[in-house]
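Asks: Starting off with a structure, shown below.
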């Protein structure tokens with residue numbers, strides 16, 4: 001059913017960062033999905049013009065009737081511009097899914113290394129939330145690169161999880177804060193020293209970020225077969 005469009009209704013909108021909003025969608029029919037997958041969203045203008053984009057699901061797969069999307073406002077973005085400035089609770093949109101093999105399930109186990117750049121953290125949030133509810137003893141570390149602390153999506157939740165969940169570690173890489181630095185080999189080494197040898201590594205971010213991060217993981221000795229990447233345009 002991933003290729004079949006369905007109608008969903010916006011039932012909640014909340015800011016996550018200055019550029020990202022969370023949209024809770026009630027689905028017209030249940031859509032079982034795996035943590036990490038995405039959906040296509042299609043908007044149709046009154047004149048028939050259509051625009052379509054893909055967005056990762058942020059919520060865990062416990063409830064197949066409701067999903068959360070976290071949508072970043074992009075300059076000149078048709079679909080993201082609609083969600084940022086026009087969309088309201090009660091609006092109906094079209095979506096189809098779930099889509100993609102970038103996914104983690106509890107049976108896969110861990111340790112789990114998650115590497116995110118910017119809004120690429122969204123599918124990894126779904127994995128972390130699913131892990132916390134199903135297998136909280138699986139070791140997991142999120143290495144998350146963002147411009148500033150204000151740009152960290154779900155920052156309060158992630159900090160709370162890091163404080164409350166013994167098997168979860170959070171490493172924020174803030175590139176534009178004073179004394180900030182980019183993700184590099186030393187930061188990867190520090191993360192691996194805390195986590196141990198990961199059974200699975202998931203990397204999500206822009207094309208440039210995902211490629212560079214995956215190369216760093218391979219250089220650190222993680223077999224390429226354990227690394228899965230999800231990329232989006234610059």
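Asks: Could you check residue 173 against (1) loosely packed, with under 15 Cβ neighbours inside 10 Å; (2) farther than 20 Å from residue 62 by Cβ and say which number it fails?
Replies: Unmet condition: (1).
Residue-wise test of (1) within 17 Å of residue 167 (Cα to Cα); (2) touching a residue at least 12 places away in the same chain (Cβ under 8 Å); (3) buried (at least 18 other Cβ atoms within 10 Å of the Cβ); (4) not assigned by TED's automatic domain parsing to the domain that holds residue 71.
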site	(1), (2), (3), (4)
115	yes, yes, yes, yes
120	no, yes, yes, yes
128	yes, yes, yes, yes
131	yes, yes, yes, yes
135	yes, yes, no, yes
138	yes, yes, yes, yes
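Asks: For region 145-165, does any single residue satisfy the condition of being in the same structural domain as residue 214 (by TED's automatic domain parsing), touching a residue at least 12 places away in the same chain (Cβ under 8 Å) and either under 28 Å from residue 4 (Cα atoms) or in a strand (DSSP E or B) (or both)?
Replies: The answer is yes; a qualifying residue exists.
Asks: Count, please, the residues in region 204-229 that happen to be touching a helix residue (DSSP H, G or I) at 6+ places or on another chain (Cβ under 6 Å), under 18 Å from residue 146 (Cα atoms) and either assigned to a strand (DSSP E or B) or not assigned by TED's automatic domain parsing to the domain that holds residue 152 (or both).
Replies: 3
Asks: Something else about it: Of the conditions (1) touching a helix residue (DSSP H, G or I) at 6+ places or on another chain (Cβ under 8 Å); (2) on the phi > 0 side of the Ramachandran plot; (3) surrounded by fewer than 17 Cβ atoms within 10 Å (Cβ to Cβ), residue 73 satisfies every one except a single condition; which number is it?
Replies: Failed condition: (2).
Asks: Now for a separate question. Give the residue, chosen from 84, 40, that is surrounded by fewer than 19 Cβ atoms within 10 Å (Cβ to Cβ), assigned to a helix (DSSP H, G or I) and either touching a strand residue (DSSP E or B) at 6+ places or on another chain (Cβ under 9 Å) or modelled with pLDDT of 95 or more (or both).
Replies: 84
Asks: Follow-up question, since we're still on this one. I'm checking my understanding of the structure. Among residues of region 11-23 that are in a strand (DSSP E or B) and touching a helix residue (DSSP H, G or I) at 6+ places or on another chain (Cβ under 9 Å), which one is surrounded by the most Cβ atoms within 10 Å (Cβ to Cβ)?
Replies: 23
Asks: Could you tell me which residue of region 101-113 is farthest from residue 182 (Cα to Cα), considering only residues that are more than 13 Å from the chain's Cα centre (by Cα) and surrounded by fewer than 24 Cβ atoms within 10 Å (Cβ to Cβ)?
Replies: The residue in question is 107.
Asks: Whether any residue in region 45-59 is part of a loop (DSSP other than H, G, I, E, B), in contact (Cβ under 8 Å) with a residue 60 or more places away in the chain and either touching a helix residue (DSSP H, G or I) at 6+ places or on another chain (Cβ under 8 Å) or surrounded by 14 or more Cβ atoms within 10 Å (Cβ to Cβ) (or both) is what I want to check.
Replies: Yes, region 45-59 contains a residue that is part of a loop (DSSP other than H, G, I, E, B), in contact (Cβ under 8 Å) with a residue 60 or more places away in the chain and either touching a helix residue (DSSP H, G or I) at 6+ places or on another chain (Cβ under 8 Å) or surrounded by 14 or more Cβ atoms within 10 Å (Cβ to Cβ) (or both).
Asks: Checking residue 201 against (1) surrounded by 15 or more Cβ atoms within 10 Å (Cβ to Cβ); (2) under 19 Å from the mean Cα position of the chain (by Cα); (3) touching a residue at least 24 places away in the same chain (Cβ under 8 Å); (4) assigned to a helix (DSSP H, G or I): exactly one of these is not met. Which one?
Replies: (4)
The values are calculated or read from the model by the stated rules, or taken from the named source; none is laboratory data. Because the structure is a prediction, the values reported are computed rather than measured. Backbone-built Cβ (ideal geometry, glycine too); neighbour counts: all protein chains shown.
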